[in-house]
Amino acid sequence: MTANAPQASSRLASSPAKQPDDRRSTPRRDVRASFTDQTITVYQAYSREIADVAVESQTFAAPFKRERMTWIKPSFLWMMYRSGWATKPGQERVLEIQITRDGFEWALAHAALSSHESGTYASQQHWAERKRTTPVRIQWDPDRSALLDPLNRRAIQIGLSGEAVDRYLDQWITKITDITPFAARVHRDVSSGRLDAVREELPVERVYPVPAPLLGLIGASEPQSSESSA
């Protein structure tokens, strides 16, 4: 076996396709989320002042500002990474927000990537025009493990502005829940090394069935025939 190892290495090095390495070096972009037939779960983190009003009114109102872009995140662990487990200033309260799937898909259909990608847009000008005429921004950032280490796949972040914010606040939201205590409990288990307990606690997030015509618009990966929801 030892004598054959250099030959195997040589074959891999001379292969023009390098398929296994390519698959590892190109992270998938799947929308992973908890969802039902009617709704999808997204997360946001805010100050106590904004969170209290949101939970009480079941939508966002002052001191929340409609005129600013607001980012929704379907990945619970990415939200934990972004908010530092709800410890960063202005992000001490984590909200779980149920929104309609129709609204979510409207957002995807009216989106542009935050930056130009040649594989997604025909030209820089095409991207600039779409960005100018759409109220939603898409970013793909490394998804996170329970230890908040980056994973070799991307999590979607969706920025809403203008008409998209109005629709989000007035039409799409069906329920807002303060899950800060839950986030704190998961964090304690992570810090104590109880990762088996963490895996049992975490929200179940599956690959969301993004309509095929929208995949290219948001720079998402094409679905795989044996797509795993793990």
>> Quick check: the angle from helix 5-14's long axis to the longest principal axis of the chain, C-alpha only, nearest 10 degrees?
In response: 70 degrees
> If we count every other residue with Cβ under 15 angstrom of W127's Cβ, Lys/Arg +1 and Asp/Glu -1, where does the sum land?
Replying inline: +2
> Who wins for biggest fluctuation among Y46, Y121, Y168 in a Gaussian network model of the chain, springs between alpha carbons below 10 Å?
Replying inline: Y121
>> Can you give me the angle between helix 48-57 and the longest principal axis of the chain, using Cα atoms only, in degrees from 0 to 90, rounded to the nearest 10?
In response: 70 degrees
> Quick one, which of (i) 52, 41, 36; (ii) 63, 34, 31; (iii) 70, 50, 33 is the actual Cα extents along the principal axes in Å calculated for this model?
Replying inline: (iii)
> At a 1.4 Å probe, what is the % contribution of carbon and sulfur to the accessible area of region 29-162?
Replying inline: 49 percent
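Sum -39500 (n - 2.57) across every DSSP H segment of at least 4 residues in the chain, then divide by the residue count to get the 222 nm mean residue ellipticity, nearest 500.
Values: 10 runs with 85 residues, N = 230.
Calculated from helices alone, the mean residue ellipticity at 222 nm is -10000 deg cm²/dmol.
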> What does the accessible area per residue of region 20-166 come to in Å², with a 1.4 Å probe and no ligands, DNA or RNA counted?
Replying inline: 47 Å²
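With r as the distance between the Cβ atoms of Q125 and R199 and R0 = 41 Å, compute the FRET efficiency 1/(1 + (r/R0)^6) and round to 0.05. It would help to have the intermediate numbers written out before the result.
Details: r = 46 Å, r/R0 = 1.13.
My answer for the efficiency is 0.30.
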> What is the chain's relative contact order, in percent, from Cα pairs under 8 angstrom and six or more apart in sequence?
Replying inline: 28 percent
>> Please report the net charge: other residues with Cβ closer than 15 Å to the Cβ of R82, K and R +1, D and E -1.
In response: 0
> For the chain, how many pairs of lysine residues have a Cα-Cα distance under 29 Å, where the two are 8 or more positions apart or belong to different chains?
Replying inline: 8
>> Can you give me the distance in nm between label points at L148 and W71, each placed 7 Å from the Cα along the Cα-to-Cβ direction?
In response: 1.4 nm
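With an 8 Å cut-off on Cα pairs and a minimum separation of 6 or more residues, tell me the relative contact order of region 77-144 in percent.
It comes to 34 percent, rounded to a whole number.
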> By how many degrees, between 0 and 90 and to the nearest 10, does the Cα long axis of helix 180-191 differ from the longest principal axis of the chain?
Replying inline: 30 degrees
>> Going by average Cβ density within 10 Å per residue, which order do the peptides 182-190, 210-218 take, highest to lowest?
In response: 182-190, 210-218
>> Which one, D149, D178, D196, has the greatest fluctuation when you compute a Gaussian network model over the chain with C-alpha springs under 10 angstrom?
In response: D196
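If Lys and Arg each add +1 and Asp and Glu each add -1, what is the summed charge of the other residues whose beta carbon sits under 10 Å from the beta carbon of V165?
Values: positive: K65, R66, R68, R167; negative: E67, E163, D166, D170.
Once positives and negatives cancel, what remains is 0.
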> What size of dipole, in debye to the nearest 20, comes out for the chain about its Cα centre when the only charges are +1 on Lys and Arg C-beta atoms and -1 on Asp and Glu C-beta atoms?
Replying inline: 600 debye
>> Could you work out how much longer the chain between A62 and S191 gets when fully extended? Use 0.36 nm per residue separation minus the Cα distance between them, nm to one decimal.
In response: 42.9 nm
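The values are calculated or read from the model by the stated rules, or taken from the named source; none is laboratory data. Remember, it's a predicted structure, so these values are computed and weren't measured experimentally. Glycine gets a Cβ as well: all are built from the backbone with ideal geometry, and neighbour counts include every protein chain shown. Side chains included, ligands, DNA and RNA excluded: accessible areas come from the protein's heavy atoms. Shrake-Rupley method; radii C 1.70, N 1.55, O 1.52, S 1.80 Å.
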